[in-house]
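Got a structure for you, questions after.
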Amino acid sequence: MLYVVGVGAAKGYLTDKAKQIISKADVVYGSKRAIEYAEEFIRGEIRVLKKFGREVYDEIERVAKEKNVVVLSTGDPMVSGLGKKINGIVEPGISSVQLALARLKLDLCEVVVVDSHGKNSYDEIEKALEFRGKVLVLADKNFDPSKVRGKVTVLENLGLENERIGEEIKSDLAIVYIER
């Protein structure tokens, strides 16, 4: 059996269902950060993922033919996560998008979400702003908010001790809210 489990955007955002699935796994894969968020519930073997890609995912799927396997995904596996990359049962988590919406007091149906990690997505953001007028951008330090027209709010490290809301990106764990 193979599960892709969202561990939340920060420690403490793991659902009860996710905790149950993780505790029953023979093998748990995840990034160092994802493992840290779930470590108190892990009973099986831990395998830290240092790289991601088809070759790694194929190996995980092979192991899952013989063992109960969980792959941990920070945030939610279906929000720019591993949910579409690994062929398993997806258990959602509380994502940074959900935390940003809560901090901004916005409904998900009011915004368009755009992933800009390591991408030049300014045209996509402009189209989303034309369509909806409000965009949440999953960003990193390389994103330049000045390249997009609109009022900008930067939310960083959501759920962590050093959570910050401002106008400048200082972290790779950032969401940029843009409103026209």
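I'd like to know if region 13-25 contains one or more residues that are acidic (Asp, Glu) and in a helix (DSSP H, G or I).
Within region 13-25, one or more residues are acidic (Asp, Glu) and in a helix (DSSP H, G or I).
Moving on. Give the number of residues within region 49-75 that are outside any helix (DSSP H, G or I) and within 15 Å of Val5 (Cα to Cα).
Number of matching residues: 10.
Would you mind telling me which numbered condition in (1) of a type in the set (Lys, Arg); (2) farther than 30 Å from Leu129 by Cβ; (3) in the same structural domain as Val135 (by TED's automatic domain parsing) Arg47 fails?
Among (1) of a type in the set (Lys, Arg); (2) farther than 30 Å from Leu129 by Cβ; (3) in the same structural domain as Val135 (by TED's automatic domain parsing), the lone unmet condition for Arg47 is (3).
Another question, if that's okay. Taking the condition of being within 26 Å of Glu66 (Cβ to Cβ), free of Cβ contacts under 8 Å to residues at least 24 places away in the same chain and not basic (Lys, Arg), how many residues in region 1-27 meet it?
Within region 1-27, residues that are within 26 Å of Glu66 (Cβ to Cβ), free of Cβ contacts under 8 Å to residues at least 24 places away in the same chain and not basic (Lys, Arg) number 2.
Table: residues versus (1) closer than 29 Å to Ile175 by Cβ; (2) crowded, with 16+ Cβ neighbours inside 10 Å; (3) touching an Asp or Glu at 6+ places or on another chain (Cβ under 7 Å).
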| site | (1), (2), (3) |
| --- | --- |
| Ser23 | no, no, no |
| Gly53 | yes, no, no |
| Ala64 | no, yes, no |
| Lys67 | no, no, yes |
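Looking at the structure I just gave you, is Ile60 buried (at least 18 other Cβ atoms within 10 Å of the Cβ) and at pLDDT 95 or above?
yes
For the subset of region 120-141 comprising residues that are closer than 22 Å to Leu99 by Cβ and either in the same structural domain as Gly81 (by TED's automatic domain parsing) or assigned to a loop (DSSP other than H, G, I, E, B) (or both), which member is modelled with the highest pLDDT?
Gly133
Can Arg103 be described as touching a residue at least 24 places away in the same chain (Cβ under 8 Å), over 20 Å from Lys17 (Cα atoms) and part of a helix (DSSP H, G or I)?
When the stated conditions are applied, Arg103 passes them.
Go through region 76-100 and count every residue that is in a loop (DSSP other than H, G, I, E, B) and of a type outside the set (Ser, Thr, Tyr).
15
Would you check if there is a residue in region 86-95 being closer than 30 Å to Leu129 by Cα, touching a Gly at 6+ places or on another chain (Cβ under 6 Å) and among the small types (Gly, Ala, Ser)?
Yes; the residues of region 86-95 include at least one that is closer than 30 Å to Leu129 by Cα, touching a Gly at 6+ places or on another chain (Cβ under 6 Å) and among the small types (Gly, Ala, Ser).
Go through region 20-51 and report how many residues are in contact with a helix residue (DSSP H, G or I) (Cβ under 7 Å, 6 or more places away or on another chain) and either polar (S, T, N, Q) or over 18 Å from Leu82 (Cα atoms) (or both).
The total comes to 4.
Does region 137-145 contain at least one residue that is in contact with a strand residue (DSSP E or B) (Cβ under 7 Å, 6 or more places away or on another chain), farther than 21 Å from Met78 by Cβ and not basic (Lys, Arg)?
Checked region 137-145: at least one residue is in contact with a strand residue (DSSP E or B) (Cβ under 7 Å, 6 or more places away or on another chain), farther than 21 Å from Met78 by Cβ and not basic (Lys, Arg).
For residues that are of a type in the set (Val, Ile, Thr) and farther than 12 Å from Tyr3 by Cα, scanning just region 76-96, find the one that is surrounded by the fewest Cβ atoms within 10 Å (Cβ to Cβ).
Val79
The values are calculated or read from the model by the stated rules, or taken from the named source; none is laboratory data. Please read all numbers here as calculations on a predicted model, not as lab measurements. In this analysis, Cβ positions are derived from the backbone assuming ideal geometry, glycine residues included, and neighbour counts consider all displayed protein chains.
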